[in-house]
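Chemist: Sharing a structure below in structure tokens format, with a few things to ask.
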Amino acid sequence: MINIFIIDDHPAIIAGLEFLLSEHEDRFNVAGSSTTIKNALHKLPSLKVNVIILDLYMGNDSPVSNLQLLRTSYPDIPVLIYSAEDSTLWKYKMIKAGANAFLNKCSHNDIFIDTILAISDGSILITEDIKDILNLCPEQTYILTPEELKIGEYLSFGMSLKEISLQLGKSLSLVEKNLNKLRRKTNAKSNIELVRILLSQKLIPSSHKMPPDNK
């Protein structure tokens, strides 16, 4: 179970996220929420939290300062910046300040869920548009989409490409195309090496529990 704490100065956003996460109550629990950083820092010590969802703009507070306060107090808790903002500059600033991911509030619900799952172990997801700005080397990070992460995870379960295509509801040719792209990104020479790389970078879970059938 992933325990989540939501920080957003709009109660309606908090309520909406709580409703969305309640539809996945087998995986997520909203441990608490706050409309201010100060109140969040007061509540967090008494809670078990695995992921913090933080709005970028919190009134007149500095977004970077807010994130730095959280990272200083709770360096081991991954932080997802969740904002209506979509500029590369702010993505760059917040990733550099210690965020694990930056997601636009207009993103599809599935991407929101996949992002939380992906960063819950401390992994960092960085989008293509800030890769060059951050000047990251291939061995430092991999720029992977949620679907690519799913393919890697299903490969680690020992699933065939045909089984993966059925699980994702995608054509076999599209899965093969995404797999080839995934191997190029990670410089993996085989699927076995790909799985090893993804596991070593904590980009996919080490659990080998099979996902439910998608029939």
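The values are calculated or read from the model by the stated rules, or taken from the named source; none is laboratory data. Remember, predicted model here, so these are calculated numbers, not experimental data. Please note: Cβ atoms are built from the backbone with ideal geometry, for glycine as well, and neighbour counts cover all protein chains shown.
Chemist: Is it true that residue 38 is basic (Lys, Arg), more than 17 Å from the chain's Cα centre (by Cα) and loosely packed, with under 14 Cβ neighbours inside 10 Å?
Modeler: yes
Chemist: For segment 128-136, state whether one or more residues are closer than 18 Å to residue 4 by Cβ and at pLDDT below 90.
Modeler: No, that holds for no residue.
Chemist: In segment 61-110, which residues are free of Cβ contacts under 8 Å to residues at least 12 places away in the same chain and polar (S, T, N, Q)?
Modeler: If the condition is that a residue be free of Cβ contacts under 8 Å to residues at least 12 places away in the same chain and polar (S, T, N, Q), then 62, 65, 72, 87, 107 are the ones that fit.
Chemist: Still on this structure, please answer the following. Which of (1) modelled with pLDDT of 90 or more; (2) surrounded by fewer than 18 Cβ atoms within 10 Å (Cβ to Cβ) does residue 112 not meet, given it meets every other one?
Modeler: Just one mismatch for residue 112, condition (2).
Chemist: Might you let me know whether segment 51-63 holds any residue that is more than 15 Å from residue 9 (Cβ to Cβ) and either modelled with pLDDT under 95 or in contact with a Cys (Cβ under 7 Å, 6 or more places away or on another chain) (or both)?
Modeler: no
Chemist: Okay, moving on. Go through segment 148-189 and give me each residue that's of a type in the set (Lys, Arg) and either touching a strand residue (DSSP E or B) at 6+ places or on another chain (Cβ under 7 Å) or outside any loop (DSSP other than H, G, I, E, B) (or both).
Modeler: If the condition is that a residue be of a type in the set (Lys, Arg) and either touching a strand residue (DSSP E or B) at 6+ places or on another chain (Cβ under 7 Å) or outside any loop (DSSP other than H, G, I, E, B) (or both), then 150, 162, 177, 181, 183, 184, 185 are the ones that fit.
Chemist: Then there's this: Considering each of 126, 111, 116 in turn, give the residue that is farther than 23 Å from residue 200 by Cβ and either among the β-branched types (Val, Ile, Thr) or not in a loop (DSSP other than H, G, I, E, B) (or both).
Modeler: Going through 126, 111, 116 in turn, the sole match is 111.
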